[in-house]
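A quick write-up on the structure given underneath.
Where a number appears in this text, it was derived from the coordinates with a stated rule and is not lab data. Keep in mind that what you see is a predicted model, and the values were worked out from it rather than measured. With ideal geometry, Cβ positions are generated from the backbone for all residues, glycine too; neighbour counts draw on all protein chains shown.
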Amino acid sequence: LHFWIIWGGMGKEDDAFRKWFRHLGELRSMFPNAVFLALSATCTKTIEKRVLNVLGIDKKNVKFFRLSPNKENIKFVVKKVPNSVGAAMFWLMETLNNLKEKFPRTVIYCNSIKDVSTIYNFLTSEIPDSLNYVQMYHSETPSDCKSEIIDKLGNDSSLRIVLATSALGMEIDVKFCNSVIIYGPPVNVADLIQETGRIGRDGLPSVADMCADDKRLWRIFIPVLKWKQ
């Protein structure tokens, strides 16, 4: 539900990442008596209301099962980092250079393709042979590359780091991964839960590092200040 609603657009259709998602209600209208199962790890009240409205479902005919998305095996760490990518990611580059293929599998989420590309270029230029175990995943990644990355994430492959946008999410089961780095605060809490939900699925202790510089932290402070006013 999360990606269906968010990608389908909460506002104008022109702003939608996948505008056809918002027309699923038309498909359902063709089979009004069909049993419908909707699943989400981050179904907020707003998303719940929109789902019922788009699908034309009467709330009285719905059975809700709610569980907390909290995972006790995930430790959250917040880091304020320098504004430049080189300084912010130096610790990562240094550790990757020392461990190479033994570096623990890590997913790095960014808010934009630009940030993904910048960090990728920094790592691969400083460590040329990291091209063998560092990959990018976003909406512009070729389909064959996406399939290859998803396959590698599904087993204990040589892939060590995946730099990604929120495009790496739906229907993806990341295995052997207990570390996620979130570069720049997520747009909302739902995205945070989605991104940290990629790790620790084996129940082992895991770490979610949230890294942000002054510029990105200010993006959070502005709406908070407006809300307080």
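Tabulated results
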| quantity | calculated |
| --- | --- |
| Length added when fully stretched, Asp151-Asn33, from 0.36 nm per residue minus Cα-Cα | 38.8 nm |
| Distance (nanometres) between label positions extended 7 Å along Cα→Cβ at Ser143 and Leu55 | 2.8 |
| Under-5 Å amide H pairs with Met210, H placed in peptide plane, nonlocal only | Val77, Val78, Lys79, Ile182 |
| Segment 74-223, dipole about Cα centre (Lys/Arg Cβ +1, Asp/Glu Cβ -1), debye to the nearest 20 | 400 |
| Sorted by Cβ density within 10 Å, fewest first, the residues Thr95, Thr118, Thr106 | Thr95, Thr118, Thr106 |
| Interchain or long-range residues, amide H under 5 Å from Thr106's placed H | Ile161, Val162 |
| Full-stretch length increase - Lys215, Lys100 - with 0.36 nm per residue and alpha-carbon distance subtracted | 38.3 nm |
| Residue order, fewest to most beta carbons within 10 Å, for Met89, Met30 | Met30, Met89 |
| In Hz, Karplus ³J(HN,Hα) per residue of segment 101-114 (6.51, -1.76, 1.60; θ = phi - 60°; x = Gly, Pro) | 5, 8, 5, x, 4, 9, 9, 10, 9, 10, 7, 8, 5, 4 |
